[in-house]
Each structure stands twice: as structure tokens, then as C-alpha cells.
1. Quick one: Cα centre-to-centre distance for region 432-487 and region 207-224, in angstrom?
2. Compute the distance in nm between two label points, each set 7 Å from the Cα along the Cα-to-Cβ direction, one at Lys127 and one at Gln601.
3. To the nearest 0.05, what FRET efficiency results for Gln44 and Lys480 with a Förster distance of 41 Å applied to their C-beta separation?
4. Once you have the Cα-Cα distance between Asp231 and Ser261, take 0.36 nm times their residue separation minus that, and quote the gain in nm to one decimal.
5. Starting from the Cα-Cα distance between Phe575 and Gln306, subtract it from 0.36 nm times their residue separation and give me the gain in nm to one decimal.
6. Filter the cross-link list Lys381/Lys557; Lys329/Lys399; Lys80/Lys127 down to pairs whose alpha-carbon distance in this structure exceeds 19 Å.
7. How much FRET efficiency would the formula 1/(1 + (r/R0)^6) give for Asn105 and Asp79, where r is the Cβ-Cβ distance and R0 is 41 Å, rounded to 0.05?
8. Under 5 Å between amide H atoms, partner at least 5 residues away or on a different chain: which partners does Ala388 have, H built in plane at 1.01 Å?
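None of the figures in this text is laboratory data; all of them are computed from the coordinates on show. This one's a predicted model, so the numbers in the text were calculated from it and none came from an experiment. As a convention, Cβ positions derive from the backbone with ideal geometry for all residues, glycine included, and neighbour counts pool all protein chains shown.
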Amino acid sequence: MVFRIPALALAVTLALGGCAQSPRTAEHKAPVVLSEAQLHDKAQALFQAYFDAEVAASPMWQTQLGMDTNKGKWDDISDKADDDRLARAKLMLEKLAQLDKARLNDQDSLSLTLLEQQLKDTLASDKWRHYDYPVNQMYGWHSQPAAFLINSHRIDNNSDAWAYVHRLRAIPALLEQLETNLSQRAQQGIVAPAFVFEHVQGDIQNLTRGFPFEAGAEDNVLLADFKAKLDKVKGVNRYRLLSEAKEALRTKVGPAYEHLSAVISELAQSADSKAGAWKFPQGDAYYQWRLKEITTTDLDAQQIHQIGLEQVARIHREMNAIKDKVGFKGDLKAFFDYLRTDERFFYSNDEAGRDRYLAEATALIDDMKDRLPALFGLMPKAELDVKAVEPFREKSAGKAFYQGPAPDGSRPGRYYVNLYNMKDMPVYQMAALAYHEGIPGHHMQIAIAQELKDIPMFRRYAHYTAYIEGWGLYAEEVPKEIGLYQDPYSDFGRLAMELWRACRLVVDTGIHAKHWSREQAIDYLLANTPNPKGDVVKAIERYIVMPGQATAYMIGKLKIMELRHKAQKALGNRFDIRAFHDEVLRSGPLPLNVLESRIDQWMATQSI
């Protein structure tokens, strides 16, 4: 697949069909009425121009898309990059306003609606530009370069190999921008809680461990990755490249991380234990904006908190039924303790246990793949593999996550499982986790979206968290309808995963709106879920550094279930689960209100 990345001004000019007329010239010309085909082409050109401009601004995205451009560069993470993004948004909104929306076809009209809202949100969000933690245990810029080089930077030829070296050499400039970002936020009183800095320093130590930083040690994680990739390529000067990579690590990367570590140590001195976004200037307003952005609804913190409490109570009732079914004597809390501690629910915390988990998770996905035709007409072309989180980030990373495939087919979709501590990965949750991150969950939705041919590129890569994570949670339940989860403990694991997302509504709003402490939130999860303490602590720390994000899952799932029940009631015997799923997926990611509108339109066509 070929992607164009013209400069924005040129892209917009070409999209509009040539050079703009001067006012004096234009006033003597009658307005040009475009045909439907010309209007479609004009709209599509603008949509593509927007996508091209955003890709052009991100060397890292270019690499992830399989493009052979700017492979030796990092993204610009300075304020200037944010200013440029705002300028692009303003210019594109002006150009989109020239489209005759009333005459656009259905998909073009939807694309225009989505892009206009996306651009307006970009402008509105600038108020909160510095309201985040650039280093944290989840996705901080201190660890992103290594994760990116290992997972996204391919080496297929000599040019790719030198680009890797250039990126190593460029890490100091990237980290210098990061340090500026941290200083700007600190001046506004936006500093991560104290616990974050211990995780960050641990990641930095892992990234600067080994040869060539330590004589006689095993290779550093980046050097080992570079060597392994070079070994698969013919026709490169391996000796020269390795020498340059070692030099870059020793003289560029090492000192840059040493300086960042000192900056982090100093910043940690001003950190406190306050967990919520409420502590920021205008923190309450910021959190409400985050909830709106994440859920694509107008629900406020109190409403979301109440929905969470109601869902927790409902799931507890269903769990009690399973507890009684397996003959456990004791209350639900005692059953939770049993599931946390009994060795039967965990694999050994060694390589054999990790290998077994990976093999069985892969088998679950392979089995589900064979069952997909009963649930879907649309199928992803991209393959999916299961991979353990890399050692350099496994201690701080989440328990599982998904990475989308490269659009050119060079990299499959990946379901990552964190096997650092097998006590955090109970076997009874394995199936639901695989279905959520793999198929029919994230891989099904994200790979299909990327492969859609009849929608603009910006829609294929759109990120509406409530839709994406709502689908993932919905996908955990769907397999039960085709006979899976026969083992009651596995079904309990499914409910435990759903309970986890219901509790998120409670603790996220508790932390960021109700001033709960980190410890208070941890205690709530321990009392109301069967998850082990390590899992609970890691989760709460995630919610603290990502305000609002955790609310998307259950809010999104509830909306998809609501729409499905609505369609089943309206269509009766005409309801086709395959057709419903395809309709949810065929337009790419959508805000929940737009998804509802699309399903309503689909139901109307099915009723004829």
C-alpha cells in the first residue's frame, strides 16, 4: 500500500483542484456547481490531504505504516509540534466548510461529520495541552523509543539498518524535548504522584543495563535487538554497523538517559501522594472533558460512578450463582480469596509456566478463529500472533494489550501478555483476555478497520476509546453464545473481567472526582474483585496516570449491548447476528452517538 505525504498547503491546494483565485478574479466568475462525482472526489481529496498531513508530521507513524520515509527520525514532541497541529486543524476546517454537505453521499457525509468533530476536538483540547504525565509506567516517552525500535523498526536492508543507528543517535534530542515538557508541567503544578517515578527510574535502569554500558555483561536490550535483526539481512557491513550502534549507545543513549534520570530524581522531590486529576489547576473541568472525550457521551462523573455501582451489584449476583454451582462453601469474598490463592488457578512462575500460558492462549485464539464464520461475514486478512511483553518493560507494563498489524502485511497483529509475575495472570481469565485482545476483540475490529477500502484513511485509524474498548469487552461475552466458557471457572473468569471494567467506573471517578486516595481505590478493588493484589495495584496506578480512560470499556459495551437488544426486538426473526456485527464494524471506529445512528439506519433497511 502506498501512502502520500505531501506538505499540507500543497495537499489542500491539490485537493481543492488547483490554485485559489484572488477575490478580484473570483467575483467575476459564476459559482461552479460540481457534479456528484466531482463533489465526491473533492471530499475524498480533502480527507486524504488531512490524513497525509498528519502522517507527514510523524516519522514514527510513517514507520508503523510500513513507509520508507524518515526512518532515522523521531516524532517532534515539542510545543511547536502542538502549535503546528492546531494550525493544520484550523486550515482544514476552513476547507471542509466549502463542501456542500447536503449533496454528499452517505459515507462522505459521515466522513465529513467525523472529521469536523475530530478537528474541533483538537482545537478544544489545546486548553489541556500540558495536562498529562509525559513519563509514566504505561506509555512514557522514556521507554517509548526502545519499545518502538524493537517492535516497529524493521531492518530489511542497509538503509533500514543505518536508520536504526540514526534513531539511536537522535535519542538525546528526543529526551531533551521530554525534559522540557516535564519542566513546563511542573511549573503549572502538574507532577505525577510519587509512585510513578520509581517505575520510571526502574525502566531507565533496565534500558541502560548490559553491554556496552557494562563491560563483560550480556548485550543491552537494544544492541541485542539490532544484532538479531542484522543477522537476518544479507549484504550489510555488519561489523561497521555494530560498531556505530555500540558507539551511539555508549556516547549518546547512555549519557542522555543518565541526564534524564537526574531530572526525574529532582522532579520526584516535588511529587506528592495525591492521585486524582482534581489536584490540577481547573482539575474538575479537565476531568469532565476527559470523560466526554473518552466515552463520547455527556455522562458526568456522578452518573458514571452510579452506573458502575449498579453493574458491580449485577455481576456479583451472577458470580454468586457460579459460586453455588461449583459447591463452594462461603461468601463471595471468601470465594475471591480462594481464587487469588489456590495454586490450581495459576501456572508456575518460571519459563515452563510462561511457555504453557503462551501456548494455551494461542490455542484459544486458533480455536476461536475457526468459529468466526458463525458470527461474522467480514473477516480480517491480517494474521495475529501471541507474544510475551519484553523483559525491559514487563515489570511496569499492563497485564495485556494489542498492537495492530502493519497495513502492508509486513507485521501481524500482536496480542501481548505480561508474564512477569504469573500470579497476576490467573488461568481462569485466560479465555476472556484472549478474546478481548485477540479475536473476536481488538484484532477483529482494528484489522478490519485498517483493511476497509471504501472509507478514508483517517477513519481507518480513528481512535474512539469507548467504541474500541467497548467492542473488546463485548467480544468477551460473545463466545459464550456459541458454546464456549463451558467450564464454570472459565465463565467466572469472564464475569471477573467484566466486573473489573464495572469497578473501573467506580474507582476512576472515585480517584479523579471524589478525591479517593490510591490506597482507598486499591482497597475497593481488593474487596470487590477476585484479582490478586499485584494486579490491583498495577491497575489503580494505571487509572491514576490515565484519567477517564478506564471508563470507556463498560460504557462502550453497554451501548453496543443496548443497540443489539434494540435490533433484536425490532427485527425479531429477521435479526441476523452476523449482519449486526458487520454493521458495527463496517464503518470503522465511531463515537457512540454516531454508532447508534448508523444502527438505527441499518435496522430501518432490515425491516423492509
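1. Value for the Cα centre distance between the two parts: 38 Å.
2. 3.1 nm
3. On the way: r = 41 Å, r/R0 = 1.00.
The formula returns an efficiency of 0.50 here.
4. Details: separation 30, 0.36 × 30 = 10.80 nm, distance 3.25 nm.
Taking 0.36 nm per residue and subtracting the Cα distance, the gain is 7.5 nm.
5. That works out to 93.6 nm of additional length.
6. Working: Lys381/Lys557 25 Å; Lys329/Lys399 30 Å; Lys80/Lys127 15 Å.
From Lys381/Lys557; Lys329/Lys399; Lys80/Lys127, over 19 Å: Lys381/Lys557; Lys329/Lys399.
7. Values: r = 40 Å, r/R0 = 0.96.
Computed FRET efficiency for Asn105 and Asp79: 0.55.
8. Correct list: Val417.
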